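Accompanying notes for the structure given below.
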Amino acid sequence: MAFELPALPYDYAALEPTISSETMTIHHDKHHAAYVTNLNAAIAKAPELEGKSVEELITNLSAVPEAVRGAVRNNGGGHLNHTFFWELLTPGGATEPSGDLLEAINTTFGSLADLKTQFNAAGVARFGSGWAWLVKDADGKLSITSTANQDSPITDGLTPILGNDVWEHAYYVDYRNLRPKYLEAWWSVVNWDKAAENFSK
Ligand code: MN
């Protein structure tokens with residue numbers, strides 16, 4: 001069973017004006033599609049990996065044969081991260097955190113505003129391409145982290161709650177070089193119901 005590009009769970013224009021239909025179309029139909037195509041090409045060279053989920057592959061990269069490990073890391077990570085990202089963004093759903101997640105945010109960061117400040121700073125500080133994350137460790141403790149390229153926090157045993165793509169392809173059409181402006185605006189399209197679901201895992 002080859003990996004497949006999941007359909008975007010809403011219309012390409014659904015996140016406008018924060019993220020344009022043009023950005024979503026290229027990002028999903030071209031960038032995410034390429035990760036899926038290249039992941040399948042890597043798996044074809046290591047048939048013993050067939051049947052493993054992308055989570056299994058990325059959680060335990062050391063079990064992936066060295067000849068395809070880099071390709072699986074980059075393209076499996078790309079497939080995993082983008083699937084996570086589309087599901088986290090929606091014009092529907094709660095626009096603010098609540099319940100246990102809000103309590104954990106307040107305990108760890110002081111306030112939602114402080115979480116946003118630290119998260120955005122991690123996104124700005126990521127040199128080149130990568131991601132900013134809010135993650136939960138095995139003890140349930142929250143923290144902010146950042147990964148390069150398409151690396152996923154799950155490789156380090158962390159559970160992603162929120163993740164923002166800070167590759168230029170995610171914002172250049174809409175924000176040009178202004179990554180901080182994109183990071184600020186992005187919060188208005190986060191689905192906090194999905195974040196709460198990620199937190200409860
Ligand atoms: Mn991307």
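The values are calculated or read from the model by the stated rules, or taken from the named source; none is laboratory data. All figures in this text were calculated on a predicted structure; none of them were measured in a lab. Because the Cβ atoms are built from the backbone with ideal geometry, glycine has one as well, and the counts that use them run over all protein chains shown. Side chains are part of the model used for accessible areas, which takes the heavy atoms of the whole protein and leaves out ligands, DNA and RNA. Shrake-Rupley method; radii C 1.70, N 1.55, O 1.52, S 1.80 Å.
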If you go through ALA67, ALA104, ALA71, the only one that is at pLDDT 95 or above, open to solvent by 50 Å² or more (accessible area, probe 1.4 Å) and of a type in the set (A, V, I, L, M) is ALA67
Contact list, first residue from the stretch 22-38 and free of Cβ contacts under 8 Å to residues at least 24 places away in the same chain and away from the ligand (no atom under 13 Å from the Cβ), second anywhere and open to solvent by 40 Å² or more (accessible area, probe 1.4 Å) and among the hydrophobic types (A, V, I, L, M, F, W, C), beta-carbon distance below 6 Å, six or more apart or interchain, is none
Is it the case that some residue within the stretch 82-101 is more than 30 Å from ASN40 (Cα to Cα), open to solvent by less than 10 Å² (accessible area, probe 1.4 Å) and out of contact with any helix residue (DSSP H, G or I) (no Cβ under 6 Å at 6 or more places or on another chain)? no
Scanning the stretch 1-24 residue by residue, the ones that are under 25 Å from ALA41 (Cα atoms) and under 17 Å from the mean Cα position of the chain (by Cα) total 5
So the helices (runs of 4 or more DSSP H) completely within the stretch 106-201 holding 1 or more residues that are under 15 Å from the mean Cα position of the chain (by Cα) and within 15 Å of the ligand (Cβ to nearest atom) are 112-125, 179-186
Matching residues in the stretch 128-155 (over 24 Å from TRP192 (Cβ atoms) and without any contact (Cβ under 8 Å) to a residue 24 or more places away in the chain) number 2
